[in-house]
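Right, one structure below, let's go through it.
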Amino acid sequence: MKEKILEYLRVAQGFVSGQELCEKLGVSRTAIWKNIRSLEEEGYQIQAVKNRGYRLVESPDSIKAQEINGYLHTKWLGRVLYTKESVDSTNTWAKRLAEDGEPHGTVVIADEQTQGKGRRGRHWVTPKGATIAFTKLLRPDMPPERASMLTLVEGLSVAQAVRSLYGLEAGIKWPNDVVVSNKKICGILTEMSAQVDYINYIVIGTGVNTNLTEFPEEIQHMATSLRIELGHEVKRAELLGALLEAFEKNYEIFEKTWDLSGLMNDYNLILVNCDTQVKVLEPGNEYVGIARGIDKTGQLLVEREDGSITRVYAGEVSVRGLYGYV
Ligand code: BTN
């Protein structure tokens, strides 16, 4: 009922009379009033004026389903949505749900992760209320070796959503770090359960530094948050809605070919390494070249001094700018 009341108040963008809410929801005025009180206790500011009704003034920065649903404009992604205050890792949770048979497009989100996972076995810090940590469960009908491309699709989607929602110049550091002011605002961890030629499921976990105000000294030079870049807090539910919408749109392009041919132009346009000198760190081999963008498989094309092009595969190497992280 609370979710329905919120929906009417959001759509109205002004006053909705108590009578109208009673009729729409088929309940008494007292029931409406009790639910309004309960929403206020959750942090919603609702103005009540005699003879006019109720008006939503301000929503809290909540990632409860009732708040997220107000910003969700997708067709299939996130239509099955689970939220928790605290979880070990949203990726681990999504994998458990996948094993239980939850469908393609399921999304899980938590306010806090106690064992957030980063790439290469690293830890990902997710303090309560200050970041977005969410995971998408997908069951794509494609060969398993293509799975890593989905991480690039997610990186592109995050950068696009941040650009359109906040007007920030978000870019991508190959393959999938999303950066603002040359500092990382987002990390992505993709995991898969597959047989040799068949994907059981893929989970794509994304952590966005939304409202963090400081970072440990050792990563200050390479990490930032939307709060720091914008100078104000962001509403995480609104951002999540935009992130899911962008991914759904890009995924539908991706699944036409099961590669990045329909997305690589958009990706290369915001690739911060594009046409810059990079240092490629391969096990036992280190060289410098100019990054020329990705191909349709997501490999980075690096132009060597002799003009030849080397294709760099994300799994084995890391790429750095000559003078720092980007
Ligand atoms: C990286 O090392 O850059 C990847 C970090 C990925 C973090 C996200 S937060 C949501 C999801 N759950 C996890 O445990 N990890 C990912």
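Relative to the longest principal axis of the Cα atoms of the chain, the long axis of helix 2-12 lies at roughly 80 degrees. Each Cα pair under 8 Å and six or more residues apart adds its sequence gap; the mean of these over the residue count of the chain is a relative contact order of 13 percent. Counting only residues at least eight positions apart within a chain, or on another chain, the lysines with an alpha carbon under 26 Å from that of K24 are K2, K4, K34, K50, K64, K75. Mind checking which aspartates and glutamates have their C-alpha under 12 Å from K256, skipping anything on the same chain fewer than 8 residues away? In chain and number order, the partners are D141. Between the amide H of G105 and those of L137, L138, R139, distances stay under 5 Å, these residues lying 5 or more places away or on another chain, with hydrogens modeled in the peptide plane. The stretch between S261 and Q19 holds 81.7 nm of extra length on full extension. This uses 0.36 nm per residue minus the Cα-Cα distance. Working note: 222 nm ellipticity from helices only, DSSP H runs with n ≥ 4, each -39,500 (n - 2.57), summed and divided by the residues of the chain, gives -9000 deg cm²/dmol to the nearest 500.
When ranked by the protection proxy of mean other Cβ atoms within 10 Å per residue, highest first, what sequence do the peptides 276-289, 148-161, 170-183 form?
By packing density, highest mean first, the sequence is 148-161, 170-183, 276-289.
Helix 149-166 and the long axis of the chain differ in direction by around 50°, with both axes built from C-alpha atoms. Tell me whether region 65-269 comes out rounded, prolate or oblate; compute the Cα gyration tensor, take square roots of the eigenvalues as a ≥ b ≥ c, and use a/c under 1.5 as the rounded threshold. Since a/c stays below 1.5, the shape of region 65-269 is classed as rounded.
The angle separating the long axis of helix 90-99 from the principal Cα axis of greatest extent in the chain is about 80 degrees. A dipole drawn for the chain from +1 and -1 charges on Cβ atoms has a positive end, and of I199, G105, P143 the residue lying farthest that way is G105. With contacts taken as Cα pairs under 8 Å and at least 6 residues apart, region 277-321 reaches a relative contact order of 39 percent.
Phi angles of region 174-186 translate, via the Karplus equation with coefficients 6.51, -1.76, 1.60 and θ = phi - 60°, into HN-Hα couplings of 3, x, 8, 7, 8, 10, 10, 6, 6, 10, 6, 10, 7 Hz per residue; Gly and Pro are given as x. Report the FRET efficiency, 1/(1 + (r/R0)^6), for S181 and K296, where r is their Cβ-Cβ distance and R0 is 30 Å, rounded to 0.05. Computed FRET efficiency for S181 and K296 comes out at 0.50. Derived scalar couplings between HN and Hα for region 279-287 equal 9, 9, 10, 9, x, x, 8, 10, 8 Hz in order, rounded to whole Hz, by the Karplus curve 6.51 cos²θ - 1.76 cosθ + 1.60 (θ = phi - 60°), x for Gly and Pro. Rounded to 0.05, the FRET efficiency of the E99 and R52 pair, given R0 = 56 Å and the Cβ-Cβ distance, is 0.65.
Full extension from E145 to K64: what is 0.36 nm times the residue separation minus their Cα-Cα distance, to one decimal in nm?
Between E145 and K64, full extension yields an extra 25.6 nm.
Between L269 and E3, the simple spin-label model (points 7 angstrom out along Cα→Cβ) gives 3.5 nm. Over 20 Å between C-alpha atoms is what I'm after, so list which of K117/K296; K184/K296; K184/K249; K136/K173; K249/K296 land there. From the list (K117/K296; K184/K296; K184/K249; K136/K173; K249/K296), the Cα-Cα distance tops 20 Å for K117/K296; K184/K296; K184/K249; K136/K173.
No value in this document is a laboratory result; all are computed from the given coordinates. Computed from a prediction, not measured in an experiment: that's the story for all the values here. Positions of Cβ are generated from backbone atoms using ideal geometry, with glycine treated the same way; all protein chains shown enter the neighbour counts.
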